[in-house]
């Protein structure tokens, strides 16, 4: 009864914490967040931009500025960054500090305003395929046409949403695009459009509208003055270097789940605390660290996971057979593992959408399926192995040679003691000054009943009620 009350209170606390909407009470602040884009477009940059956008949203900032100097990069990461920027409801700005080639140009048109530095350039966004050994692999005409068509449609839609000239963007992607405005040929067939800062800010059409850039400024500080921000209103997001580590942690997250589950399983199966438990805890810590570095989650889900693991441990070691404690702990751990990798943004509903949990669920499915197979194999092999017997004896008596196992077990047969918990069918019993994990032949023996060791099965004492 007490355990049920405890679990109920724990769930009420968790539900209360998750129901709090900390962002709803904040008013919009007159702040600007500057995020540096100083490398190739790859996963670490996506992590950095995601973190910066979420920090800006938490601060209810009005503006996010990308301080850009990049040669481009991966298209899949570019799409991810475009989606991240779309989560910010305020003003988004790109300042082309020196160059915004390829994917950099795509990201630039995903912001509502573009400004450039003197002698800076933007464009050259035709898709290319990198060869496995490095360098550029030549595409066939049909493959290039297919890639160009798909990317062009995606980026045109992005540019149109943000008020940019879609024909200019298309000329940066498609070498067959001819761009003529007010009788001036801006791009000829067979060329990929690249614009200097002066070319990008020229005005064409009726009414007159700048081609792509809304102006040239000496540096980012001059742009901030134009945007009417003072230095004390500026938050500069810094790259920590952890983003590179996060890339590898994201890739191996299913493996970390596997190691974590196996480590905890082995720790619960063997007495004492040792290497399996340490390995499992470290693997889960790295799993959550990967989500945190990637900008997906906060530390709150680590707390939920630890709470779930604690409830599970209480079930195994203190109240075996309770079921409710172990089930509650398992549910909390699963929720924490899932939500730790959900891409949640401030102001979103607390219940994630199907799209948000799809990728974390795939990771969990891979990790749990692999762990289930390994646990099944271990359950067949481990009890018969000399390593398990040695671990069991070391946990019980400090250090005992494997060769003495049969003699020790023979001496234990017939010992009588008291059950320290309900045996359903496993639990703990005390024999003299020794506490041992025991198992019945299937019957349930109440707490406090006298028990007697009949024999050993896979190194574990089998008892009956005396």
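Can you tell me which residue in the stretch 430-460 is farthest from residue 420 (Cα to Cα), limited to those that are in a strand (DSSP E or B) and touching a helix residue (DSSP H, G or I) at 6+ places or on another chain (Cβ under 6 Å)? Quick ask: steps written out before the conclusion?
Of the stretch 430-460, the ones in a strand (DSSP E or B) are 430-431, 434-440, 445, 450-457, 460.
Narrowing the set further to residues that are touching a helix residue (DSSP H, G or I) at 6+ places or on another chain (Cβ under 6 Å) leaves 453, 456.
Numbers: 453: 15, 456: 19 Å.
By that ranking, first place goes to 456.
Of all residues in the stretch 163-208, which are outside any helix (DSSP H, G or I), buried (at least 18 other Cβ atoms within 10 Å of the Cβ) and touching a residue at least 24 places away in the same chain (Cβ under 8 Å)?
164, 165, 174, 186, 193, 194, 195, 201
Would you confirm whether any residue within the stretch 38-48 is at pLDDT 95 or above and closer than 22 Å to residue 219 by Cα?
The first filter runs over the stretch 38-48 and keeps only residues at pLDDT 95 or above, leaving none.
Within the stretch 38-48, not a single residue is at pLDDT 95 or above and closer than 22 Å to residue 219 by Cα.
Being in contact with a strand residue (DSSP E or B) (Cβ under 9 Å, 6 or more places away or on another chain), assigned to a helix (DSSP H, G or I) and free of Cβ contacts under 8 Å to residues at least 60 places away in the same chain is the filter here, so list the residues in the stretch 73-85 that pass it. Walk me through how you get there before you give the answer.
Initially, the stretch 73-85 is screened for residues in contact with a strand residue (DSSP E or B) (Cβ under 9 Å, 6 or more places away or on another chain), giving 73-75, 77-78, 81, 85.
From the residues that got through so far, the ones that are assigned to a helix (DSSP H, G or I) too are 75, 77-78, 81, 85.
Once the filter is applied, which keeps residues that are in contact with a strand residue (DSSP E or B) (Cβ under 9 Å, 6 or more places away or on another chain), assigned to a helix (DSSP H, G or I) and free of Cβ contacts under 8 Å to residues at least 60 places away in the same chain, the stretch 73-85 yields 77, 78, 81, 85.
Within the bounds of the stretch 209-219, is there any residue that is assigned to a strand (DSSP E or B) and either more than 20 Å from residue 98 (Cβ to Cβ) or free of Cβ contacts under 8 Å to residues at least 12 places away in the same chain (or both)?
From the stretch 209-219, those assigned to a strand (DSSP E or B) are 209-210, 216; that's our starting set.
With the extra rule that they be either more than 20 Å from residue 98 (Cβ to Cβ) or free of Cβ contacts under 8 Å to residues at least 12 places away in the same chain (or both), the set shrinks to 209-210.
Yes - at least one qualifying residue is present in the stretch 209-219.
If you check 232, 221, which single one turns out to be in contact with a helix residue (DSSP H, G or I) (Cβ under 9 Å, 6 or more places away or on another chain), assigned by TED's automatic domain parsing to the domain that holds residue 67 and surrounded by fewer than 16 Cβ atoms within 10 Å (Cβ to Cβ)? Reasoning before the result, please.
Details: 232 fails: in contact with a helix residue (DSSP H, G or I) (Cβ under 9 Å, 6 or more places away or on another chain).
Step by step, each of 232, 221 is checked, and only 221 is in contact with a helix residue (DSSP H, G or I) (Cβ under 9 Å, 6 or more places away or on another chain), assigned by TED's automatic domain parsing to the domain that holds residue 67 and surrounded by fewer than 16 Cβ atoms within 10 Å (Cβ to Cβ).
Among the numbered criteria (1) crowded, with 17+ Cβ neighbours inside 10 Å; (2) modelled with pLDDT under 70, which single criterion is violated by residue 401?
(1)
So which residues in the stretch 224-245 are modelled with pLDDT of 90 or more and either part of a loop (DSSP other than H, G, I, E, B) or over 34 Å from the mean Cα position of the chain (by Cα) (or both), if there are any at all?
225, 226, 227, 228, 229, 230, 237, 238
The values are calculated or read from the model by the stated rules, or taken from the named source; none is laboratory data. All of these numbers come straight from a predicted model, not from anything done at the bench. Please note: Cβ atoms are built from the backbone with ideal geometry, for glycine as well, and neighbour counts cover all protein chains shown.
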